[in-house]
Amino acid sequence: MTITAILSALAEEQQGLLELLQQPRKSSHAGRDFWQGRLHGQPVVLALSRIGKVAAATTSTALIERFNVGRIVFTGVAGGLGDGVQVGDVVVATEFVQHDLDASPIFPRYEVPLYGRTRFPCDAALTARLLQASRAGLEGLALPAKTLLHHGLMASGDRFVSGMQESRNLRTALKQGGHEVLAVEMEGAAVAQVCFDYGLPFAAVRTISDRADDTAHVDFPVFVKDVASLYAQAIVRHLLEAL
Ligand code: SAH
């Protein structure tokens with residue numbers, strides 16, 4: 001059976017999954033804890049990516065090289081950037097761009113040097129399943145009717161975006177480069193690039209914890225503590241049951 005890695009950025013997001021893990025075995029490697037076991041009948045490894053692109057790339061590489069995972073699924077929170085992407089909504093990624101990568105004028109802005117590409121795709125089949133699992137998970141949570149499920153492009157970079165002007169500038173610059181992004185976070189593009197290198201299926205879902213604006217630093221911790229882990233648990237359960 002293919003081993004599924006479930007990555008979270010923050011301990012609060014992982015906690016609910018950890019509590020449900022059966023036959024848990026913890027090992028430490030590269031300064032990180034990896035939890036092997038079974039979840040909803042599937043062999044899994046739970047790990048924290050840690051925060052930022054480099055940390056997430058290290059964790060992903062360790063999962064592949066050391067723990068032999070065959071697919072990686074990321075669940076976490078993100079700031080909403082696109083129109084109508086509100087706190088409490090859920091975004092399933094189809095592709096990732098690194099909003100802070102700029103090797104111009106040698107390479108076009110946002111292009112990852114030597115790859116000849118600006119975006120790294122998520123796996124279409126795994127993403128379709130994650131989208132379905134997110135829909136089912138949200139229905140089960142009986143959330144307010146205005147809760148939306150989006151899917152599309154996400155941006156990652158080593159910056160917590162927390163200002164109205166900052167998020168506006170980011171969005172405009174990305175738009176000028178041809179990238180209409182729904183949400184911004186700090187790890188997904190790195191995991192997508194590692195999975196691209198190894199030819200491994202990757203999918204990512206993020207709950208919107210803030211609008212990356214002037215109140216992001218206030219909205220974010222409240223959301224992470226109270227809501228994010230519930231979403232992650234519900235979505236992961238539906239996904240694993242369908243694999
Ligand atoms: N001090 C915080 C730091 C969290 S950084 C803590 O440790 O509790 C924010 C995390 O949430 C990152 O993992 C990132 O992927 C995601 N995120 C949520 N909102 C974001 C935003 N507005 N900008 C960038 N990342 C965001």
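So here's what we get for this one:
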| quantity | calculated |
| --- | --- |
| Peptides ranked, highest mean first, by Cβ atoms within 10 Å: ranges 145-154, 122-131 | 122-131, 145-154 |
| Hydrodynamic radius by Kirkwood, which averages 1/r over all alpha carbon pairs of the range 35-85, in angstrom | 12.8 Å |
| Helix-only [θ]222 nm of the chain, DSSP H runs n ≥ 4, -39500 (n - 2.57) each, per residue, nearest 500 | -11500 deg cm²/dmol |
| Where only C-alpha atoms are counted, convex hull volume of the range 78-221 per residue in Å³ | 105 Å³ |
| For the chain: relative contact order, % (alpha-carbon pairs under 8 angstrom, 6 or more apart) | 29 percent |
| DSSP bridge pairs, the range 75-242: antiparallel proportion in percent, nearest 5 | 35 percent |
| Protection proxy ranking of 105-113, 235-243 - average other beta-carbon atoms within 10 Å, highest first | 235-243, 105-113 |
| DSSP bridge orientation in the range 1-95 - percent antiparallel, rounded to nearest 5 | 55 percent |
| Straight-distance crosslink candidates among lysines, where the alpha carbon sits under 27 Å from Lys146 and sequence neighbours closer than 8 are dropped | Lys175, Lys225 |
| Highest average packing first - 16-22, 4-10, Cβ atoms within 10 Å | 4-10, 16-22 |
| Burial ordering of Arg135, Arg206, fewest other beta-carbon atoms within 10 Å first | Arg135, Arg206 |
| Extension gain (nm, one decimal) between Ala242 and Ala125, 0.36 nm per residue minus Cα-Cα | 40.9 nm |
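Taken together, the values in this text are just the output of simple stated rules run on the coordinates, not laboratory data. The model shown is predicted, which means the values in this text are computed figures rather than measured ones. No Cβ is skipped: glycine too gets one built from the backbone with ideal geometry, and neighbour counts run over all protein chains shown.
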